[in-house]
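Written out below as structure tokens is the structure these notes cover.
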Amino acid sequence: MCLVPDHEIEARLRDGSLVITDFMLECLTPNGYDLRVAEARLEGEESVTSGTLVIPPGRLFFVSTVERVELPSDLAAQLWARTSWLRKGLLMGLGKVDAGFHGTLTFSGLNASSAPVDLPIGSRMVQMVLEHMRSPVERTYERRSGNYQDQAGITLEPSGEQ
């Protein structure tokens with residue numbers, strides 16, 4: 001696998017082999033794309049979709065992205081916390097986005113600092129680093145499990161188990 005550079009991301013968006021809805025050029029990085037917060041909530045509380053979520057120390061929170069991502073069979077992605085949030089004490093549970101995944105992305109985080117952290121809705125929070133596979137996968141995410149295929153908003157349980 002090798003990382004997909006900015007110009008190839010733009011070319012794939014133009015030819016339709018990669019879809020990132022609500023794409024903003026300002027979010028494109030040299031080797032990825034910064035995903036923005038559409039919805040956030042503290043564990044056990046209601047979601048916030050505008051304004052700012054204040055994350056108290058020691059609290060678990062969940063976020064969904066503005067962008068809907070549609071990866072083709074020859075791209076996967078890694079999710080990385082932007083360092084500006086790590087410097088504020090937010091630790092995030094991030095992982096891999098499988099080839100063939102379609103939907104918004106949900107991730108969790110924890111405020112490990114001793115101070116509250118303001119999380120403005122719409123802010124760039126996680127970098128999605130795209131990886132080109134040596135060859136297209138035999139069975140995409142949807143055909144392997146597809147538990148979260150086409151999710152929208154904060155999704156904590158696989159489809160069919162909610």
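Quick note: the coordinates plus some simple rules give every number you see, no bench work behind them. If you're wondering where the values come from, they're calculated on a predicted model, not measured in any experiment. Note: ideal-geometry Cβ built from the backbone for every residue, glycine included; neighbour counts use all protein chains shown.
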Next item on the list: For E70 and A112, compute 0.36 nm times the residue count separating them, minus their Cα-Cα distance, and round to one decimal in nm.
Entry: 11.9 nm
Margin query: With +1 on the Cβ of every Lys and Arg and -1 on the Cβ of every Asp and Glu, and nothing else charged, how large is the dipole of the chain about its Cα centre, in debye rounded to the nearest 20?
Written below: 420
Check: How do the peptides 8-15, 38-45 rank, highest first, by the average count of neighbouring beta carbon atoms within 10 Å per residue?
Finding: 38-45, 8-15
Next item on the list: Run a plain Debye calculation on region 49-146 (Cα atoms as equal point scatterers, no solvent) and give log10 I(q)/I(0) at q = 0.12, 0.15 Å⁻¹, rounded to two decimals, same order as the q list.
Entry: -0.45, -0.65
Item checked: Difference of contour (0.36 nm per residue) and Cα-Cα distance, R87 to L156 -> 22.2 nm
Checklist line | Spin-label model distance (nm) - V54 vs E26, 7 Å beyond Cα toward Cβ | finding: 2.6
Next item on the list: For the chain, with a Gaussian network of springs between Cα atoms less than 10 Å apart, report the residue from V48, V69, V129 with the top mean-square fluctuation.
Entry: V48
Next item on the list: Enter the Cα centre distance for the pair region 76-95 and region 1-64, rounded to the nearest angstrom.
Entry: 11
Margin query: Rounding to the nearest 10 and keeping the result within 0 to 90°, find how far the Cα-based axis of helix 6-15 lies from the longest principal axis of the chain.
Written below: 70
Item checked: the chain - mean residue ellipticity at 222 nm from DSSP helices (-39,500 (n - 2.57) per run, n ≥ 4, rounded to 500) -> -2500 deg cm²/dmol
